[in-house]
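Remarks on the structure that follows.
Every read-out reported here was derived from the displayed coordinates using simple, explicitly stated rules and does not represent laboratory data. Only a predicted model underlies this, so the values are computations on that prediction, with no experimental measurement involved. Neighbour counts are summed over all protein chains in view; Cβ atoms, including those assigned to glycine, are modelled from backbone coordinates with ideal geometry.
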Amino acid sequence: MAASASASRNGGTKVNSHFDVVSFAVLIGALSLIPMLIVATTSFLKMSLVLLVLRNAIGIQQAPPGVAIYAVALTMSAFVMAPTAQEVGKRLMNVDMKASASRSTSYLEQARDAFEPMRDFMVRFSRPEQRELFLDSAKKLWPKDFAEDAKATDPMIVMPAFVTSELQAGYEIGFLIYIPFLVIDLLISNLLMTMGMQQVAPQTITTPLKLLLFTLVDGWAKLLNALALSYV
């Protein structure tokens, strides 16, 4: 009896050890998806895209450096996403409390409930036509029994629609930002040509002029504030 009890304990220890290893591997895999989720489900994509377009429009490729651009975009995304992240945190805390009180609750349902604020955020700021477009694509691409239950507000439909909407909005804002700097480039180029100074590179004059004008109008503060308010 003692031998069988000992064997049972050893078997239980091996099962628990194996379960812990698998759980740890799943946790590491989930953590590796966090950067992708930050880019695909938050305002980071549009923020970073607009800032990169601004840097190219000014004409200085390394000021600010790429790391600084992404740091600013991440900071502004944290500012914009703070209410949503707070709601997700509250739901995660409730998930732990429910799990300790009732083990019959499905972990998948708990995860879906915790993700609900992020889904609501993406639904609010994704374009309806994009959601309908990806829903139509899903009905053609997915298996029939799976596609019949698909809706325009499902996470797997909303995520690509949100990414596409953010890219579209980022390029629209980038176009509007680019126009004034392009006008400055054209004016300076024509002025140098009129004065017979073709040997002078226009960038030697336009770059400091664009930097000066952008600084005088408090461009960074106004741009970042406008990007944040675009999520009101």
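Over the Cα atoms of the range 162-232, the radius of gyration divided by the Kirkwood radius equals 1.13; this is the Rg/Rh ratio.
Remark: the range 114-119, residue by residue, has Karplus-estimated 3J(HN,Hα) of 5, 7, 4, x, 5, 5 Hz, where x stands for each Gly or Pro and the curve is 6.51 cos²θ - 1.76 cosθ + 1.60 at θ = phi - 60°. The share of C-alpha pairs in the range 102-232 whose separation exceeds 18 Å stands at 70 percent.
Between residue 178 and residue 52, full extension at 0.36 nm per residue minus the direct alpha carbon distance yields a gain of 44.2 nm.
Treating r as the C-beta distance of residue 74 and residue 187 and R0 as 45 Å, the FRET efficiency rounds to 0.80. Charge tally for residue 130 (other residues, Cβ to Cβ under 12 Å; Lys, Arg +1; Asp, Glu -1): -2.
In this structure, residue 220 and residue 129 have a Cβ-Cβ separation that, at R0 = 41 Å, corresponds to a calculated FRET efficiency of about 0.80. The residue 171 and residue 93 beta-carbon pair, evaluated with R₀ = 30 Å, returns a calculated FRET efficiency of approximately 0.20.
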